[in-house]
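Below is one structure; the comments refer to it alone.
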Amino acid sequence: MKSFLKSLFASYIGTCFSIASIIVAFVLLCAFVVGALVGRFKAECDIPTSGQNNFLVVDLSRGFSANSTFSRYNNRGILSNGKGCYGLFDTLCAIQAAAADPEICGIFITGSGGDLGYATAQELQEAFLRFKAQCPQKAIIAYLPQPSQREYFLALAADKIWIHPFAKFPLNGMVSQGLYFKDALEKAGVGIQIVKVGQYKSAVEPLISDSMSPEDRTQRTMLLTQTWGTLLGDLAARRGVDGVAMGAAAETVGIYSPEDAEKLKLIDGARYDDEVVKELSEISGTDKDINSFNQISLSDYIVKKGISAPPKFNLIDFGDGPENQVAIVYAEGEIVDGDGSATELGGDSFAALLREIRNNKNVRAVVMHVNSPGGSVYASEKIRRELELISAQKPLVVSFGDVAASGGYWISTPAQKIFARPLTITGSIGVFGVLPNFENLGKFLGINSEAVTTSALAEIETMRRPKTPQEMQILQKDVDDIYKRFVSLVAKSRNRTPEEIAEIGEGRVWSGISAKSIGLVDDFGGIVAAAEFAANAAGIAPGDVNFCQYPRPVNPTLEFAKQFDDDGEPPFARAGIASQNSPAGKLEGVFKKTWSQLRALNDPNGIYARIPWSFSEPE
């Protein structure tokens with residue numbers, strides 16, 4: 001009995017100790033979470049409210065996104081110290097507000113390595129030029145520690161461009177390159193069969209070829225030539241440099257030292273960080289709290305001016321929002337079936353968002369900003385259908401970003417008007433299907449496969465063997481039919497005949513410059529121009545319009561509460577009508593991007609309308 005009581009007492013003490021440990025751990029975890037949340041939201045919301053001569057700091061290392069700055073799709077996580085990209089529309093509005101703000105003495109552009117496409121860089125450059133025209137007394141200074149050509153293209157609007165004394169200055173031309181896996185796949189025993197429409201639809205070439213086709217080389221060359229020519233033309237216009245001579249120098253020099261770049265007037269000099277701080281302090285004054293020049297970050301300024309704001313902790317659902325809305329909705333990323341991820345455009349989730357907007361009585365017009373290379377045909381058509389329903393009720397205007405091609409163009413066909421940037425990559429009207437099989441891989445590994453069927457076509461979707469000629473014929477017909485529907489949608493939306501669209505289709509990729517000349521887009525302009533056009537089309541007076549961005553920021557409290565909501569959703573709710581620039585970093589980015597693209601190949605029918613490749617240049 002005495003031994004039993006000792007054991008019982010020991011168990012009791014052990015249990016109490018375990019419970020106490022769990023409680024302490026829980027309290028510490030709560031303290032950590034609350035501290036992280038408070039720190040994050042304090043950092044984002046503790047914004048200067050007074051003072052003169054602040055530089056508006058635009059950090060290019062954060063990059064720019066089609067989504068709003070505080071969108072759920074542009075959020076690195078509550079407990080993350082990382083910061084999401086700036087929203088492009090937010091940035092444009094902030095630059096416009098800064099021009100008339102007496103507390104802003106200028107704009108300071110710095111950083112490198114963030115997401116930045118040429119069309120986005122061009123739109124930002126034009127916004128900076130408007131800033132200079134409205135307030136020539138305010139300085140725009142760019143400090144690019146390790147510049148890329150894209151960042152330099154944007155910075156051409158600056159009064160002064162500085163780089164680090166140990167930086168290299170690139171002006172060596174542009175490249176669009178591809179990897180080809182035919183030999184590797186054959187060695188691995190993986191067979192690939194292709195069904196496609198469009199001689200320029202080269203997205204499948206890496207799987208079935210060991211070199212670039214003449215058609216793909218033609219369209220890549222055209223895009224590179226137009227973009228490189230635009231950069232050299234802007235260089236001549238903004239810096240007074242002979243653009244033709246610099247283009248020729250790219251054949252022999254390409255990379256310049258800071259001293260040589262300054263002599264050629266490509267930049268205004270090289271500076272260390274402390275020298276930058278000193279020169280900017282002479283303009284704005286010194287903030288003794290941070291021992292630097294007076295400044296406000298772009299994200300803080302976006303919040304201060306009421307352009308956008310981080311989510312708040314509350315239990316309130318703000319409903320349909322203000323009246324006289326022009327909804328600006330962002331379609332960014334690979335188009336995939338299902339809900340997708342933060343970097344993808346999910347057909348189901350985006351269609352649900354569009355239904356919410358369509359049924360919002362306060363939304364009088366919709367602007368969709370497309371920055372997508374396309375993807376799943378099935379998901380694209382889900383999105384297009386919802387946009388078609390919107391366009392039947394209220395004005396629908398589309399703005400193209402860096403890329404709006406293939407599926408990105410497919411979803412844009414219901415628009416009443418399409419705006420694009422001259423350097424937007426668009427078109428690519430074509431479709432393809434990828435049909436892998438693992439017969440040889442199985443033989444290599446010693447795995448045999450057999451099947452029993454009821455009919456000759458029962459195994460048409462198998463991957464254990466290559467497709468038979470009869471199966472290939474059926475699958476090709478399926479792709480042909482979808483291509484005809486794609487062409488028909490474009491023809492109807494552009495008031496052209498299918499034959500006319502077929503001539504500019506075939507999967508060919510076009511720049512915005514060419515797309516406007518052949519009628520695939522209506523006008524040059526960015527998201528601001530599209531928003532102003534939509535408001536006017538809806539008959540909203542300039543002083544009464546409310547530009548509201550979708551998806552709206554996540555309400556953390558409601559999102560947390562949803563974790564404990566076991567009511568589930570209605571069975572068919574989706575269709576309801578209720579409401580660093582290092583080599584290692586670049587290599588890592590290539591693998592991440594390739595894996596992301598492979599993950600995106602999830603169309604239930606295996607058919608895609610996607611741009612053939614990614615447009616890149618050496619950074």
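Of all the numbered requirements in (1) under 30 Å from VAL57 (Cβ atoms); (2) touching a Phe, Trp or Tyr at 6+ places or on another chain (Cβ under 9 Å), GLU151 misses one, and that requirement is (2). Residues in the range 141-166 that are open to solvent by 50 Å² or more (accessible area, probe 1.4 Å) and among the basic types (Lys, Arg): LYS160 only. Screening the range 54-69 for residues that are crowded, with 24+ Cβ neighbours inside 10 Å and of a type in the set (A, V, I, L, M) and picking the one that is nearest to the chain's Cα centre (by Cα) gives ALA66. Anything in the range 416-430 that is open to solvent by 10 Å² or more (accessible area, probe 1.4 Å) and more than 21 Å from ALA121 (Cα to Cα)? List them, or say none. Within the range 416-430, GLN416, LYS417 meet the criteria. Checking each residue in the range 118-140 for being open to solvent by 10 Å² or more (accessible area, probe 1.4 Å) and not in a helix (DSSP H, G or I) picks out PRO136, GLN137, LYS138, ALA139. Inspection of the range 488-511 finds a residue satisfying the criterion of being buried (at least 22 other Cβ atoms within 10 Å of the Cβ), closer than 30 Å to MET174 by Cβ and of a type in the set (Lys, Arg).
Residues are listed down the side, and each one gets a yes or a no for (1) closer than 22 Å to ALA530 by Cβ; (2) in a loop (DSSP other than H, G, I, E, B); (3) modelled with pLDDT of 90 or more:
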site: SER11; (1), (2), (3): no, no, no
site: PHE17; (1), (2), (3): no, no, no
site: ALA25; (1), (2), (3): no, no, no
site: ALA31; (1), (2), (3): no, no, no
site: VAL34; (1), (2), (3): no, no, no
site: VAL38; (1), (2), (3): no, no, no
site: GLN52; (1), (2), (3): no, yes, no
site: LEU56; (1), (2), (3): no, no, yes
site: ASN67; (1), (2), (3): yes, yes, no
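Does the range 189-208 contain any residue that is open to solvent by less than 60 Å² (accessible area, probe 1.4 Å), farther than 30 Å from PRO469 by Cβ, touching a Pro at 6+ places or on another chain (Cβ under 9 Å) and of a type outside the set (S, T, N, Q)? No, there is no match, as no residue in the range 189-208 is open to solvent by less than 60 Å² (accessible area, probe 1.4 Å), farther than 30 Å from PRO469 by Cβ, touching a Pro at 6+ places or on another chain (Cβ under 9 Å) and of a type outside the set (S, T, N, Q). Of the strands (runs of 3 or more DSSP E) lying entirely inside the range 302-403, those containing at least 2 residues that are surrounded by 19 or more Cβ atoms within 10 Å (Cβ to Cβ) and in contact with a Lys or Arg (Cβ under 9 Å, 6 or more places away or on another chain) are 325-332, 334-336, 363-372, 374-376.
Looking across LYS484, LYS477, LYS467, one residue alone is at pLDDT 90 or above and basic (Lys, Arg). It is LYS484. Restricting attention to the range 248-285 and to residues that are more than 30 Å from GLY84 (Cβ to Cβ) and among the polar types (S, T, N, Q), the residue that is nearest to the chain's Cα centre (by Cα) turns out to be SER257.
If you go through the range 463-478 and keep only what is outside any loop (DSSP other than H, G, I, E, B) and hydroxyl-bearing (Ser, Thr, Tyr), you end up with nothing.
ASN546 falls short on exactly one of the conditions (1) surrounded by fewer than 17 Cβ atoms within 10 Å (Cβ to Cβ); (2) touching a strand residue (DSSP E or B) at 6+ places or on another chain (Cβ under 8 Å); (3) at pLDDT below 90, and that condition is (3). Does LYS182 fit the bill of being modelled with pLDDT under 95 and closer than 30 Å to ILE208 by Cα? So LYS182 passes the test. Within the range 257-297, the residues that satisfy the criterion of being in contact with a helix residue (DSSP H, G or I) (Cβ under 9 Å, 6 or more places away or on another chain) and either part of a loop (DSSP other than H, G, I, E, B) or closer than 19 Å to ILE161 by Cα (or both) are LEU264, LYS265, LEU266, ILE267, ASP268, GLY269, ALA270, ARG271, ASN291, PHE293, ASN294, GLN295. Within the option set THR252, THR225, being open to solvent by 20 Å² or more (accessible area, probe 1.4 Å), β-branched (Val, Ile, Thr) and outside any helix (DSSP H, G or I) holds for one residue only, THR252.
The values are calculated or read from the model by the stated rules, or taken from the named source; none is laboratory data. No experiment lies behind these values; they were computed from the predicted model shown. Counting neighbours? That spans all protein chains shown, and the Cβs are built from the backbone with ideal geometry, glycine included. We work out accessible area using only protein heavy atoms, side chains counted, and drop any ligands, DNA or RNA first. Shrake-Rupley method; radii C 1.70, N 1.55, O 1.52, S 1.80 Å.
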